[in-house]
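J.: Below is one structure. I have some questions about it.
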Amino acid sequence: MKPKLHIGVLALQGAFGAHTEALRKCGAEVRLVRAQEDLSGLQGLVIPGGESTTMSNLLVASGLSEVLKRLCQDGFPVFGTCAGMIMLAETILDGRADQVSLCALDIEIRRNGYGRQNDSFEQDIIVHSFDTPFHALFIRAPVIEAIGSDVEVLASWGDRPVLVRTANILACSFHPELVSDLRIHKIFLSIVENFSVTNPR
Amino acid sequence: MATSSTRSVTGSFPVKRGLAEMLKGGVIMDVVTPEQAKIAEDAGACAVMALERVPADIRRDGGVARMSDPEMIQGIQAAVTIPVMAKARIGHFVEAQILQALGVDFIDESEVLTPADEAHHIDKFKFTTPFVCGATNLGEALRRISEGAAMIRSKGEAGTGNVVEAVRHLRSILGDIKKIGTADSAELFEWAKRLQAPLSLVQEIAETGQLPVPLFCAGGLATPADAAFAMQLGASSVFVGSGIFKSDNPALRAKAIVEATTHFMDADVLARVSTGIGAPMTGIGMDEINQRYAERGW
């Protein structure tokens, strides 16, 4: 049997519980991350949806922002959903002036770009490597306005990318943790697996 | 490659419940002005509740408490980027229609306002905007969920700065969920009857071991310790009403409560954030109040 992958879920605020459940269903060992010492021995990190301004405050207060920035620079696998994708983005539009970013993903992102809660929606989307559509929930979701040349688009909705990847960073504007379909979490776990082969713990 | 349908669905139950999920592990703060809303957002609130008077003042002033002035709600919506909630009276579906038209992100059908209907809560399935409702026990929680609530909160005595009632509600709801987890299938019928709740929801709890929607704590929270207490008891987030802006130093206290809610298991962090934040609201004992809001709604 393959050894279990050890994945952290950033648990400062937001949907960390739903991600934990999804990752466990995929067979991963999951630990909630609230402080620097929680990161030791992990092979990948998920940054969940929630409020990016709240998470930004708590990242600074806990001293995690610099540590996570370095991890991203070193090629550590990180998966950000919704607010988690905002945290990873190089450029944040309509954010707060003091909002921190891990600057790990060369995209320009607009907070709440799809509107308020009344505009939140469910939609089947096409993910290029899947043979059937993926049912996506967009909750006060951010819009990707522009992407850098090294960013690969794995799925789009309308004319906007909604699932993107660069090196070991994966991010989406919707919430795969809120549906029972585990295929997007599995993409991340395969990134983690490949990374771990060349970078043993 | 498969083709996808082009039709997007808004206002579905998963979309409503999804926002409740995003608010977990956070603090939702009562605010009465755009300036207070900014202070709340600066401190790390995951949402604000826009209202005309905090519960402590509603209690003091008496009279009929209604939905807030739309102009005031819009002012708060313009001031912050985080979700904005607002309260409608129990049963007052027209106030809820107006709040939906204003584009608030969550509607609280709240016992803190004067009830508008003595027999009926709002049919929340008719709305695109999600609803949160209060509950003192599991039966009440399940009746609200069966009417379409996407989030349940305890119904602690708002405006008192006294957490005892919210704790009673959390313990009652979570205690019964635990008991249902050990019940056999025949006993579930009896549970549904006793709780006056739909059997299907009772069966769902037996299967999953949890409430079908997130359970938050509200009513009487005044300190970082209160917030962490609610979280350790099993709440997923906390609402803080009068507790912040009726204290000596709202900005410091708000930030401390946010940190305490995230690091609710870490007593060292709780000790640090509880230090040097000024005096909390004074608060009142349960025997000193003449109107229990929790008795409103059924």
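J.: Hey, among the residues in the range A:84-106 that are assigned to a strand (DSSP E or B) and over 19 Å from B:GLN77 (Cβ atoms), which one's farthest from the other protein chains (Cβ to nearest Cβ)?
T.: Checked the range A:84-106; the qualifying residue farthest from the other protein chains (Cβ to nearest Cβ) is A:ASP106.
J.: Next question. Anything in the range B:164-196 that is surrounded by 14 or more Cβ atoms within 10 Å (Cβ to Cβ) and either of a type in the set (Gly, Ala, Ser) or part of a loop (DSSP other than H, G, I, E, B) (or both)? List them, or say none.
T.: Residues satisfying the conditions are B:ALA166, B:SER172, B:ALA183, B:ALA192.
J.: Of A:ASP159, A:ASP124, A:ASP74, which residue is open to solvent by 40 Å² or more (accessible area, probe 1.4 Å), touching a His at 6+ places or on another chain (Cβ under 7 Å) and of a type in the set (Asp, Glu)?
T.: A:ASP124
Conditions (1) open to solvent by less than 10 Å² (accessible area, probe 1.4 Å); (2) in contact with a Cys (Cβ under 6 Å, 6 or more places away or on another chain); (3) within 13 Å of chain B (Cβ to nearest Cβ), marked per residue:
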residue	(1), (2), (3)
A:GLU108	no, no, no
A:GLY113	no, no, yes
A:PHE130	no, no, yes
A:SER149	no, no, no
A:VAL164	yes, no, no
A:ALA167	no, no, no
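J.: Can you pull out every residue in the range A:1-26 that is touching a residue at least 60 places away in the same chain (Cβ under 8 Å) and open to solvent by 10 Å² or more (accessible area, probe 1.4 Å)?
T.: Across the range A:1-26, the qualifying residues are A:LEU5, A:HIS6, A:ALA18, A:GLU21, A:LYS25, A:CYS26.
J.: Across the range B:225-275, what is the number of residues that are of a type in the set (Lys, Arg), away from chain A (no Cβ under 14 Å) and open to solvent by 10 Å² or more (accessible area, probe 1.4 Å)?
T.: 1
J.: Identify, by number, the condition in (1) open to solvent by 10 Å² or more (accessible area, probe 1.4 Å); (2) outside any helix (DSSP H, G or I); (3) farther than 19 Å from B:ILE28 by Cβ that B:GLY161 doesn't meet.
T.: (3)
J.: Ok, one more. So A:ALA141 passes all but one of these: (1) open to solvent by 20 Å² or more (accessible area, probe 1.4 Å); (2) more than 23 Å from A:PHE76 (Cβ to Cβ). Which condition number does it fail?
T.: Of everything listed in (1) open to solvent by 20 Å² or more (accessible area, probe 1.4 Å); (2) more than 23 Å from A:PHE76 (Cβ to Cβ), A:ALA141 misses just condition (1).
J.: Sticking with this structure for a sec: Kindly indicate the residue of the range A:132-147 that is facing chain B (nearest Cβ under 8 Å) and part of a loop (DSSP other than H, G, I, E, B) and also farthest from B:ALA150 (Cα to Cα) among those meeting that condition.
T.: Selected residue: A:THR132.
J.: So which residues in the range B:89-123 are within 14 Å of chain A (Cβ to nearest Cβ) and in a helix (DSSP H, G or I)?
T.: Correct list: B:ALA96, B:GLN97, B:ILE98, B:LEU99, B:GLN100, B:ALA101, B:LEU102.
The values are calculated or read from the model by the stated rules, or taken from the named source; none is laboratory data. Keep in mind the model is a prediction, meaning the values are calculated, not measured. Please note: Cβ atoms are built from the backbone with ideal geometry, for glycine as well, and neighbour counts cover all protein chains shown. Only protein heavy atoms, including side chains, enter the accessible area calculation; ligands, DNA and RNA are left aside. Shrake-Rupley method; radii C 1.70, N 1.55, O 1.52, S 1.80 Å.
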